[in-house]
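Report on the structure given below.
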Amino acid sequence: MNSIHKLLVLLAITAGVAGLVVSCKKEKNTGPPSIDYVRITRPESSDSLLVGAGQGQLIAIVGNNLQNVVEIWFNDQQSKLTPSYITNTTILVRVPTQIPLQITNNMKLVFKDGYVLNYKFEVQISKPIISSMLSEFVNDGDIATIYGNYFYAPLIVTFTGGATAEIVSVKDQQLDFKIPAGAQPGPITVKTNFGQATSDFMFRDPRPKIIDGDPAEGWWSTYLVTSPGPNDPPKISGNYYRFQKQVKAWTWDAPEVAGGPASSMPNHSKNVPDAAILKPGDYYLKFEINTVKPYNSNRIGLNVGLTAEDNNAYAWNPPYDSKGKWNTIVIPFEDVVRSYTNKPVVSPSGYWSRILVFGPGDLDADIAFDNLRIVPKKL
């Protein structure tokens, strides 16, 4: 006997006992159909009553004179009925998985004689979830991508300042849209008929950067791009660094991309939040990368929040291929700190910062970097 049949037996027994109690007073098989309550379908949880349920959830409708039901609607979506799951006192039915176009929070039962029974019941549909953005820096008119869930049409994507995006495509957990003119830096909001969500990241993050070439500082500027040519990646937020080099394994041949000691970076070296040094678990290390050629060997070393260089510090290892597009890389800052031999301490005078390509394996490197930053995980 499967679980649904067991439930029907239990419900029938329960209803029968109740019927015996009241049979001497009143016959319950007369009168219009009625609903006493809705409950979940686990027999061991028979006292768990419902005022709403999620998409696809199996529920038990308990009442009287329900045997002649022919249709059940949740909002504007009709559910499929199974005759063997219908008795005069119980209906087992699944909430439709389809998304309603009109939200009424009403369950409607239609019977053979045309009688309609309405019952207040909410189909609980999740509001959007925004998890991440393929690139947090995207130019006006270009296509941006957000990852998350519950992107149910109709959708509205709004930027700080009120500009709204043109929706390009919606997949299972991916939302593509065109960046409108006038989109301002700040969080992005996604709204559906079922609620809205605001990102924990900032589009075109305006918070201070550690390495970004605006202005160019530090000991190394060989790879700085100020005026991109037709074969260069486009600017996304000012100057950037493009590292083009044949890198040999474990060969120290000018492997530094950008950075330097605090004294050489007066505008950037103090842009590490003190709170990130004290509680790295609350922060991310982020940067934008454009692999013009695949990053498939060697390794990228990152020095952030240190008071001196460390050639064996955090390594962001291959492979990675953004296929010639700008992507945002997100690394929990606690992972970076965990790799350091000497743990960071708050330094009012600033920090040593560096992007380095040095490690095992030869690499035909053509990689652009921008906007190295440490930012809170939550706004």
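The values are calculated or read from the model by the stated rules, or taken from the named source; none is laboratory data. Because the structure is a prediction, the values reported are computed rather than measured. Here the Cβ positions follow ideal geometry from the backbone for every residue, glycine too, while neighbour counts run over all protein chains shown. Ligands, DNA and RNA are stripped out before the accessible areas are found, and what is left, the full protein with its side chains, is counted by its heavy atoms. Shrake-Rupley method; radii C 1.70, N 1.55, O 1.52, S 1.80 Å.
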*Between W252 and T164, what is the label-to-label distance in nm when each label sits 7 Å out along the Cα-to-Cβ direction?*
5.9
*In degrees from 0 to 90, rounded to the nearest 10, what is the angle of the helix 3-22 Cα long axis to the longest principal axis of the chain?*
40
*asked:* Rounded to the nearest 20 debye, what is the charge dipole size of the chain about its Cα centre when +1 sits on each Lys and Arg Cβ and -1 on each Asp and Glu Cβ?
replied: 1180
*³J(HN,Hα) across the range 50-62 via Karplus (A = 6.51, B = -1.76, C = 1.60, θ = phi - 60°), whole Hz, x for Gly/Pro?*
10, 10, x, 7, x, 4, x, 6, 7, 10, 10, 9, 10
*Could you run the Karplus curve 6.51 cos²θ - 1.76 cosθ + 1.60 with θ = phi - 60° over the range 194-203 and give me ³J(HN,Hα) per residue in whole Hz, x for Gly and Pro?*
10, x, 9, 9, 10, 5, 8, 9, 10, 5
*Which lysines, on any chain, are close to K80 with Cα under 23 Å apart, when same-chain ones fewer than 8 places away are left out?*
K6, K108, K112, K120
*For the range 106-185 and the range 196-255, distance of Cα centres in Å*: 33
*Considering the values (i) 96, 43, 38; (ii) 93, 53, 49; (iii) 61, 59, 40, which represents Cα extents along the principal axes in Å as calculated for the structure under consideration?*
(i)
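Can you tell me the accessible area per residue over the chain, all protein chains present, probe 1.4 angstrom, in square angstrom? Working shown, then result.
Details: 18240 Å² over 379 residues.
That works out to 48 Å² for each residue.
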*Got a sec to turn the phi values of the range 141-146 into Karplus ³J(HN,Hα) couplings, 6.51 cos²θ - 1.76 cosθ + 1.60 with θ = phi - 60°, whole Hz, x for Gly and Pro?*
x, 8, 8, 10, 10, 10
*Rounded percent of accessible protein surface that carbon and sulfur make up, the chain, 1.4 Å probe*: 51
*How would K343, K178 rank on accessible area, largest to smallest, probe 1.4 Å?*
K343, K178
*Take each of the peptides 201-208, 283-290, 240-247, average the number of other beta-carbon atoms within 10 Å over its residues, and list them starting from the highest.*
283-290, 240-247, 201-208
